Amino acid sequence: MDIFFLILSGLLAGGFASLLGIGGGILIVPILSLIFGLSMHTAIGTSLLCVIATSVGAAPYYIREGLTDIRLGLSLELSTTLGAIIGGSLAGVLRSDTLSIIFGFLLFYIGFYMIFKRAQSQGSSGEAGRFSSYEVRNLPLGMGICFFAGNFSGLLGVGGGFLKVPAMHYPMRIPLKKAVATGNFMVSITACAGALLYYFRGDVNPAAAAPMIIGVLMGSFFGSRLIYRIKADLIRKIFVAIIFYSALRMLFQGFNFHILKF
Amino acid sequence: MLKDQKIYFLIAKVLRICFYLSFGVIAFGLILFVFHPETRSPLGGKTLISLSWSPDDLFCLNPFAWINVGIFSLLFTPFAVVVVSFFAFLFSEERIYSLVSAGVLLILILSLALALR
């Protein structure tokens, strides 16, 4: 029965992730920790595997479409993977409730980021696509921001796209679609650097990861096909509500306030 | 000399092959897990992690061995991508990016070394 619910949860997380163009980690960790009761360390390690799967599944499509800048992605990975190793090592010495609290604050940030991103995308006029030419600017600053994205990825089991994509789009002036595709390509390499630490530390439950990975991949598949049929605004509102609720639950869990129950 | 598009398509191909391989093996392991006579909840802790599986376990259709192999192939997909990028850029005489790929590969190896420590 647990297998069925894990697949279903992965399906929902993957579907949301695909519909909103985000990594699934910010949903997978709260699901595994709050609903299935895994420790934060195991939830994070398992989430990193799902994040790799999502990225590896989507990356070939973006590369073939000419949207991914592999050279830029690899250059940024020099600092991102280092950040992920430091984040993953730090998580090994932090208590589970401390990770819960940090994750809660991260969810609040992402919730506000989603609201801000929506307001901004409504205000923007066009978007340079695959055939546009561009010049990479502020590479050292981008690498610096990506280092922190790697930190968050290794520490909290997320992809880190919420930092990588803005870093590429704003200071580095990469067109948004290219930034999203390049960020997706980078995620699997970043998550791998962190996941190795969790896996060999024993902080991954493969039997829980397997159904979750299958669910997430199915969710991304269906999500990408539903993208033009579902109102993106409604999905975003539901997602933001879930994120804020999960943020509160993670903070309550971290501070050991068991007020709310599912 | 490899053209730009060739390099990108090669990397996309490696990603696709690794994706189908790991997805297929994990799915097969999961099916075995469901029909395994000693199936318990997958949320039962960390005891399922085993790095000591052997080819015999795979032939005996041990679900944990198959799931572990699938997860291993997923974990090493980024390694494969970076190695292929390194050689692709090397053969296309883009020394800077072959060095960048080598740097990323070294960091991934560092992560593996730290993990195995």
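Read the figures in this text as sums done on the coordinates, not as results from a lab. Because the structure is predicted, anything quoted here is derived from the model rather than measured. Quick reminder, even Gly has a Cβ in these numbers, built from the backbone with ideal geometry, and neighbours come from all protein chains shown.
Per residue, the Cα convex hull of the stretch A:210-249 amounts to 64 Å³.
Considering the stretch A:151-253 at the alpha-carbon level, its Rg and Dmax are found to be 16.0, 43 Å.
Within the shell of other residues whose beta carbon sits under 15 angstrom from the beta carbon of A:Thr80, the net charge comes to 0, with Lys and Arg scored +1 and Asp and Glu -1. Principal axis analysis of the Cα atoms in the stretch B:52-117 yields extents of 47, 27, 14 Å, listed in decreasing size. In the stretch A:1-41, the ratio of gyration radius to Kirkwood radius, Rg to Rh, stands at 0.99 when only Cα atoms are counted.
The packing ranking, built from the mean of other Cβ atoms within 10 Å per residue, places the peptides A:152-160, A:164-172 in the order A:152-160, A:164-172, highest first. Quotient of the Cα radius of gyration of chain A and 2.2 N^0.38 Å, N being its number of residues: 0.94.
From largest to smallest, what semi-axes in whole angstrom does the stretch A:1-103 give when each is the square root of 5 times an eigenvalue of its alpha carbon gyration tensor? In descending order, the three semi-axes are 26, 21, 9 Å. Under conditions of 37 °C and 0.692 mPa s, the stretch A:143-208 yields 265 µm² s⁻¹ as its translational diffusion coefficient, taking Rh as the Kirkwood radius over Cα pairs in the Stokes-Einstein equation.
With the helix formula -39500 (n - 2.57) applied to DSSP H stretches of n ≥ 4, the protein assembly as shown reaches a computed 222 nm mean residue ellipticity of -26000 deg cm²/dmol. Net charge of the neighbourhood of A:Lys164, taken over other residues with C-beta under 13 Å away and scored Lys/Arg +1, Asp/Glu -1, is -1.
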